[in-house]
Amino acid sequence: MCRNNNLLENVLVEIEKGVREGINTNILAQKYALSESHLRKIFKIAFKQTISSYIRTRKLTASLEDLSESDANIIDIALMYDFDYEQSYIRSFKQKFGSTPGNYRRSKKVIKANMPFFIDFDY
């Protein structure tokens, strides 16, 4: 299991580094010489969440800062975080946070952000 812990720790770091660079399961699996299905399986077992859902959540959470701190168009922010369409970004954002990106930006309300996972080896 130690190998899986090191692998998962590296995967989490890569996700954080690649949140704006189009990181996805395929890229991660290739980098660590795994099949996508194996990576999905060990991630789901370890974190009780799919890796694709986790990546999407990290991208949406990272986009909160751009929405509140910049004047960038919503579509530009969507593309920056590798959403193919503005509507898919808006739909995912609303599903995750209960508000559209535009409403969030206008209201300046606080949204509970999802922090990155980490692995604690002292258990």
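Some points to look at:
- Estimated inter-spin distance, Glu14 and Gln95, nm [label 7 Å along Cα→Cβ]: 2.5 nm
- Anchor Lys109: lysines whose Cα lies under 23 Å away (excluding residues fewer than 8 positions away in-chain): Lys59, Lys94, Lys96
- Across all C-alpha atoms in the chain, the radius of gyration and Dmax reach 15.5, 47 Å.
- Per-residue 3J(HN,Hα) values for region 81-95, derived from phi via the Karplus relation 6.51 cos²θ - 1.76 cosθ + 1.60 with θ = phi - 60°, read 9, 6, 8, 5, 9, 4, 5, 5, 5, 4, 5, 5, 4, 5, 5 Hz in sequence order (x marks Gly and Pro).
- Probe 1.4 Å, protein heavy atoms only - accessible area per residue of the chain in square angstrom: 62 Å²
- Between Glu21 and Ser88, the simple label model (points 7 Å from Cα in the Cβ direction) yields a spacing of 2.1 nm.
- Rolling a 1.4 Å probe over the protein heavy atoms of the chain, with every protein chain left in place, gives an accessible area that is 50 percent carbon and sulfur.
- Tensor-based shape of region 17-69 (alpha-carbon gyration tensor, a/c under 1.5 rounded, otherwise prolate or oblate): oblate
- Label-point separation, Ser107 to Ser35 (7 Å along Cα→Cβ), nm: 4.4 nm
The values are calculated or read from the model by the stated rules, or taken from the named source; none is laboratory data. Only a predicted model underlies this, so the values are computations on that prediction, with no experimental measurement involved. So basically every Cβ, Gly included, is an ideal-geometry build from the backbone, and we count neighbours across all protein chains shown. With ligands, DNA and RNA removed, areas are computed over all heavy atoms of the protein, side chains included. Shrake-Rupley method; radii C 1.70, N 1.55, O 1.52, S 1.80 Å.
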